[in-house]
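Below you'll find the structure I mean.
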Amino acid sequence: MRCAGCHPVRPELQEIYNRLFAAFGAQHWWPADSPLEVIIGAVLTQNTAWVNVEKAIANLKQHRLINLKRLSRLPPAKLARLIRAAGFYNLKAKRLHSVVKQLEARDGVSGLKRLRTTRLRAELLTWSGIGPETADSILLYALGRPVFVIDAYTRRILLRHGLLTDRETYDEIQQLFQANLPRKARLYNEYHALLVRLAKTFCRTRPLCTGCPLKEWVPGFQSSRVPGLDPLNP
Ligand code: SF4
């Protein structure tokens, strides 16, 4: 059993970041004009592609609804029609409506900013429809707090490189990153965005290791290397 607070030392995590940044450059996340827009996007992006979220947010913008008061007055049924492009729109409208009400009760984004990160994270996790990934996306991308966002792409990449066993919880993976990297929001912001980029370009369901900036870390890659052969996809 591992002691509480002990995490494996993984210098590879910094090296992986260096390689990804060298390969892809800055990703300029989160693409939004305000913290409220980030929060809305974080709720809408659950189980859907970002391109669909963009359409829903464009619709809200067109109706001048990236505004807490106006959004809070909007009935969920009307909100559902406006965010239809994001999928699961009835459910997401209810969630968004609930988040907006919670935000209002907290004096909006400025009220959230007054809370310390640990307390704020614990509170966000009590909000309807907000799980760890959404809470951490809000903390990092809307509020600039140094918390690492873990998603399915992160798990997949680390698993394929032998850095996870597939038994770790969300919080354990988050601690693995945070214990092995400087506690900096800008670094976590960029790192998560780079992992998403990696998963979409190379580390797909069927990995395209050849040409991937991390190919040297595939277990057995050096020993079994055959020029032009993808080691995970022979
Ligand atoms: S080398 Fe292969 S397994 Fe590793 S990140 Fe790239 S595509 Fe994924």
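How would TRP50, TRP127 line up from fewest to most surrounding beta-carbon atoms within 10 angstrom?
So the residues, fewest neighbours to most, are TRP50, TRP127.
Could you tell me the calculated FRET efficiency between ARG186 and ARG81, based on Cβ-Cβ distance and R0 = 25 angstrom, to the nearest 0.05?
0.10
Let me ask you something else. Spin-label point model (7 Å from Cα, Cβ direction): what's the ARG206 to ALA179 distance in nm?
Result for the modelled spin labels: 3.8 nm.
Something else about it: Using Cα centres only, tell me the gap between the stretch 77-106 and the stretch 5-46 in whole Å.
The stretch 77-106 and the stretch 5-46 have Cα centres separated by 25 Å.
What shape does the stretch 23-125 take by its C-alpha gyration tensor, where a ≥ b ≥ c are the square roots of the eigenvalues and a/c under 1.5 counts as rounded, a/b above b/c as prolate, and the rest as oblate?
oblate
Does anyone have the angle between helix 170-180 and the longest principal axis of the chain? Alpha-carbon axes, 0 to 90°, nearest 10?
Taking Cα atoms only, the helix is inclined about 60 degrees.
Please determine, in degrees from 0 to 90 and to the nearest 10, the orientation of helix 12-24 with respect to the longest principal axis defined by the Cα atoms of the chain, where the helix direction is its Cα long axis.
Roughly 70 degrees, rounded to the nearest 10.
Can you tell me the FRET efficiency between LYS55 and GLU172 if r is taken as the Cβ-Cβ distance and R0 is 35 Å, rounded to the nearest 0.05?
Working: r = 35 Å, r/R0 = 1.01.
The value I calculate is 0.50.
Helix 35-44 sits at what angle to the longest principal axis of the chain, using alpha carbons and giving 0 to 90 degrees rounded to 10?
70 degrees
OK, next. Hey, which of these cross-link pairs are over 23 Å Cα-Cα: LYS113/LYS184; LYS94/LYS184; LYS55/LYS78; LYS61/LYS101?
Details: LYS113/LYS184 17 Å; LYS94/LYS184 33 Å; LYS55/LYS78 16 Å; LYS61/LYS101 19 Å.
With Cα atoms farther than 23 Å apart: LYS94/LYS184.
Every number here is computed from the coordinates shown, using simple stated rules; none is lab data. These figures come from a predicted structure and were not determined experimentally. Cβ sites come from the backbone with ideal geometry, for glycine too, and all protein chains shown count toward neighbours.
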